[in-house]
Amino acid sequence: DTAVSQTPKYLVTQMGNDKSIKCEQNLGHDTMYWYKQDSKKFLKIMFSYNNKELIINETVPNRFSPKSPDKAHLNLHINSLELGDSAVYFCASSPWEDTNEKLFFGSGTQLSVL
Amino acid sequence: QQQVKQSPQSLIVQKGGISIINCAYENTAFDYFPWYQQFPGKGPALLIAIRPDVSEKKEGRFTISFNKSAKQFSLHIMDSQPGDSATYFCAASEALYNTDKLIFGTGTRLQVFP
């Protein structure tokens, strides 16, 4: 069983479209995250949720909206996609008592905006 | 502003050799320093971590050396193997409003040749 699973693995879309990436974790963790990895492999946190509540919201355009229907799911919706949004997006989770100290990452979603 | 600086960007080592990756930080509030390993097409995975109260931590062939006064820490991979070929990220944890935020270095692509 995959601990942190995200879908789709690849997403190719046109500029201006709206798309969503789904993430689910079966580890029983309270905290979930979205990270963005650019073409140079730089990893940067976007959002952090604890038990469905937003904890960290980095300076991300408001075209990006995370949604957490329950503590096992954290989806990422992106409106009006731009070329610069092309990157690999990673979902991650961690137990609340360890927060960022033990992140479990999904396999990533490679987003290509044409 | 890059809060965690990592070098080298890429590293080529022969099988059996020692791989050394270095990181430096400025923020003295950082109190947790993990290393993550990422294989192509996969998300990063926690490899080993250290806190500033010790100067070295060893797990198998992987050792973290930590120099608090110099604000530097490094990963040593002894007897490097082709299976170690991956991208390695150092990171540092910053307590922010009682919520830790993990900040990653820029990554080092390690290639181990037989």
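Just so it is clear, none of the values below were taken in a lab; they were calculated from the coordinates. Because the structure is a prediction, the values reported are computed rather than measured. Neighbour counts are summed over all protein chains in view; Cβ atoms, including those assigned to glycine, are modelled from backbone coordinates with ideal geometry.
Side notes on the structure shown:
- Pairs of Lys residues in the stretch B:4-113 are counted when their Cα atoms are under 24 angstrom apart and they lie 8 or more places apart or on different chains; the count is 17.
- Residue-span extension gain [residue B:3 to residue B:76] - 0.36 nm each, minus C-alpha spacing: 24.1 nm
- Phi to ³J(HN,Hα) by Karplus 6.51 cos²θ - 1.76 cosθ + 1.60 over the stretch B:47-61, Hz, x for Gly, Pro: 9, 6, 8, 9, 10, x, 7, 10, 9, 7, 9, 10, 9, x, 8
- Simple rule: put +1 on each Lys or Arg Cβ and -1 on each Asp or Glu Cβ in chain A, find the dipole, and look at A:15, A:80, A:33; the Cα lying farthest toward the positive end is A:15.
- With bins 5 Å wide beginning at 0, the percent of Cα pairs of the stretch B:4-113 falling in each bin runs 2, 13, 24, 25, 19, 10, 5, 1, 0.
- Summing Lys and Arg as +1 and Asp and Glu as -1 over all other residues whose Cβ lies under 11 Å from the Cβ of residue A:86 gives a net charge of -2.
- Estimated inter-spin distance, residue A:80 and residue A:17, nm [label 7 Å along Cα→Cβ]: 1.9
- By the Cβ-Cβ criterion of under 4.7 Å, no unpaired cysteine is present in the protein assembly as shown.
- If you plug the beta carbon distance of residue B:53 and residue B:26 into 1/(1 + (r/R0)^6) with R0 = 30 Å, you get a FRET efficiency near 0.90.
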